[in-house]
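This report concerns only the one structure given below.
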Amino acid sequence: MDIQAKIQALAEELAGTGVRIVAVSKTKPLEDIEQAYAAGARAFGENKVQELTDKHEHMPTLPDLEWHYIGHLQSNKVKYMASFVHLIHGVDRPKILKEINKQAAKHERVQDCLLQIHIAQEESKFGFSYEEAEAFLKSPELGEMAHIRILGFMGMATHTPDEAQIRQEFRGLKQFSDRMKKEIQNSPVELQELSMGMSGDYKIAVEEGSTMIRVGSSIFGARHY
Ligand SMILES: *Cc1c(COP(=O)(O)O)cnc(C)c1O
């Protein structure tokens, strides 16, 4: 199947669920993004700021195209994407949010963000623990960030063939999100999104309440670094 057929098949599979596709286009050329766009994809995910800004600059202007940043973020790189990035999925520490707030203010924008929660067993993945996220969401510090909106959470499950474990991790994040929704009503927190699921585990993520899946290789094919 080509890219267009894969997008259409995935959209059909998700029909009626309300789950959105973030097509992860990292390492892939603009032509691939244009093909996916032609098939109806609107949200594209990148995990390197340099690559994101290059693609944003060289892509023909398509008014409804959204760039999503899904990678780990360094403070000194936020400014390069602050004028246009639609949603930042990987906010993994309070310090980076301060910088996002500052840069968004310069562009008179309110930047939508997701807090990345560390749900996997692997040590290497970034993110808040549940306890840290809860404390941060309830802190007065957050209320002072007028150019930030926290729209929800992002989580990456452990890379394992054990589907029960993956399901458990996604389910835990959904439960946390539901509890936070009840307990936190103050701005700038408007919890409505759960970014969970990649090519290998999105079906489980959708069953466990994902609202947004980040799918790369099963749309664009394997990546060659
Ligand atoms: C690369 C990447 C994806 C997509 O991975 P696939 O397995 O190709 O679908 C999703 N989320 C993040 C954070 C990524 O870095």
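The values are calculated or read from the model by the stated rules, or taken from the named source; none is laboratory data. Just so it is clear, the structure is predicted and the values come from calculations on it, not from any experiment. Quick reminder, even Gly has a Cβ in these numbers, built from the backbone with ideal geometry, and neighbours come from all protein chains shown. Surface areas here come from the heavy atoms of the whole protein model, side chains and all, with no ligands, DNA or RNA. Shrake-Rupley method; radii C 1.70, N 1.55, O 1.52, S 1.80 Å.
Here are a few things to note about the model shown:
- Residues in segment 164-187 that are buried (at least 20 other Cβ atoms within 10 Å of the Cβ) and closer than 18 Å to F136 by Cβ were compared, and the one that is farthest from the ligand (Cβ to nearest atom) is M180.
- Count of residues meeting criterion [over 13 Å from I70 (Cα atoms) and crowded, with 20+ Cβ neighbours inside 10 Å] in segment 143-157: 6
- Residue satisfying all of: in segment 43-61; in a loop (DSSP other than H, G, I, E, B) and not hydroxyl-bearing (S, T, Y); most open to solvent (accessible area, probe 1.4 Å) among these: K48
- Summed over segment 53-62, residues that are within 16 Å of the ligand (Cβ to nearest atom) and in contact with a Phe, Trp or Tyr (Cβ under 6 Å, 6 or more places away or on another chain) total 0.
- Enumeration of residues in segment 14-49 that are within 15 Å of the ligand (Cβ to nearest atom) and free of Cβ contacts under 8 Å to residues at least 24 places away in the same chain: K48
- Residues of segment 196-225 satisfying the condition of being over 15 Å from S25 (Cβ atoms), crowded, with 20+ Cβ neighbours inside 10 Å and within 8 Å of the ligand (Cβ to nearest atom): Y202
- Single residue of segment 99-138 satisfying the filter (without any contact (Cβ under 8 Å) to a residue 24 or more places away in the chain and hydroxyl-bearing (S, T, Y)) that is nearest to the ligand (Cβ to nearest atom): S124
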